Amino acid sequence: MNVRQLTIALIATLAGAAVCAQEVTVAGSTTVQKRILEPGAAGLKAATGIDVKVQGSGTGKGMIALFEGKVPAAAASETLEDAVGSARKAAKEAEKTISVPGNLQFHEIVKDVIVVIVNKDNKVAALSKDQLKDINSGKVKNWKEVGGADLPIKVVTSHAGSATRAVFQKQVMDGAEYVAGAIEARTTREEIAEVAREAGAIGAVSEGFFAQNPSKSKTVKTPTISRPLGLVTVGDAKPEVKKIIDFFKSVEGKKLIQ
């Protein structure tokens, strides 16, 4: 083989590799991002040729990106109905108008549990649903009211449009509003860090994410708070998105979920 033939063969090989590697962008839930898509990205690419890129903006904003055709799939950490609700909240917060497609599909990958976290020095070991509702809505303002130290409670939650916040508010708080002055964290990592920093703080985050990043905080025993994690598409999933879904539902893919 002469130099010209070798060059042509090399170009063909590189072109073939470029065709095989397909980049897919998914926007939305940081829980899905940190528990599923990022930990399994290398395995996904090796098995399917899909190079997944994640925009961790929260379920609501991810759904808006899907509605606007900016991404082929949104990552959601709540039911489809609630994810649409989070999108509406995020749109209201951003003062923008959205149009919700009528043929949305939710592709569940795995179940997740939300855990309640407090500072590691907090002596409270368990909280009931009613206590959690009263704390987060502001009715209970001091830890001594629920068996703890004489210490003001500082409620920490995620941003408007966050699925974790929406699920907690629906399942635990019966739709009540958070106490005025509650700290709104931009990310789950920031929420955990805030609870670790403030002695009287309380938050609610994904169990899987917390297990990876406990910092100086701990969980307290509560009633189970669960929700689905998955991808949302408009109509049937496109072939490249279906490959992502099928991979993470496979035996090999499930092993990579954190």
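The values are calculated or read from the model by the stated rules, or taken from the named source; none is laboratory data. Predicted model, so just to flag it, every value in this text is computed and none were measured. Because the Cβ atoms are built from the backbone with ideal geometry, glycine has one as well, and the counts that use them run over all protein chains shown. Just the protein is used for accessible areas: all its heavy atoms, side chains included, with ligands, DNA and RNA removed. Shrake-Rupley method; radii C 1.70, N 1.55, O 1.52, S 1.80 Å.
Points worth noting:
- For D121, the stated conditions do not hold, so it cannot be described as of a type outside the set (F, W, Y), open to solvent by 70 Å² or more (accessible area, probe 1.4 Å), within 17 Å of V220 (Cα to Cα) and part of a helix (DSSP H, G or I).
- Just one of (1) out of contact with any strand residue (DSSP E or B) (no Cβ under 9 Å at 6 or more places or on another chain); (2) surrounded by 18 or more Cβ atoms within 10 Å (Cβ to Cβ) fails for Q169. It is (1).
- For region 1-21, the condition holds for no residue, the condition being that it is at pLDDT 95 or above and open to solvent by 50 Å² or more (accessible area, probe 1.4 Å).
- Subset of region 40-58 (residues that are modelled with pLDDT of 95 or more and either closer than 19 Å to A204 by Cβ or part of a loop (DSSP other than H, G, I, E, B) (or both)): G40, G49
- Of the residues making up region 227-258, just one is small (G, A, S) and part of a strand (DSSP E or B), namely G230.
- Any hit, region 143-156, residues being in a strand (DSSP E or B), farther than 23 Å from E38 by Cβ, touching a helix residue (DSSP H, G or I) at 6+ places or on another chain (Cβ under 6 Å) and open to solvent by less than 50 Å² (accessible area, probe 1.4 Å): yes
- Members of region 162-175 found to be over 11 Å from the mean Cα position of the chain (by Cα), closer than 18 Å to K92 by Cβ and outside any helix (DSSP H, G or I), listed by number: G175
- The listed residues are A193, A185, A180, and the only one of them that is open to solvent by less than 10 Å² (accessible area, probe 1.4 Å) and either small (G, A, S) or modelled with pLDDT under 95 (or both) turns out to be A185.
- Residue match in region 214-225 (condition: open to solvent by 50 Å² or more (accessible area, probe 1.4 Å), basic (K, R) and modelled with pLDDT of 95 or more): yes
- Filtering region 171-188 to residues that are closer than 14 Å to I202 by Cα and among the charged types (D, E, K, R) leaves only E184.
- Subset of region 24-43 (residues that are touching a Lys or Arg at 6+ places or on another chain (Cβ under 8 Å) and among the aliphatic types (A, V, I, L, M)): V24, V26, A27
- Candidate set from region 148-168 (those that are polar (S, T, N, Q) and modelled with pLDDT under 95); member that is nearest to S86 (Cα to Cα): S162
- Scanning region 90-118 for residues that are crowded, with 22+ Cβ neighbours inside 10 Å and among the β-branched types (V, I, T) gives I109, I114, V116, I117, V118.
- Applying a threshold of 9 Å to beta carbon distances and a minimum spacing of six or more residues, or different chains, the list of pairs starting in region 21-39 at a residue that is farther than 15 Å from V110 by Cβ and ending at one that is among the acidic types (D, E) and part of a strand (DSSP E or B) reads A21/D51; Q22/D51; E23/D51; V24/D51.
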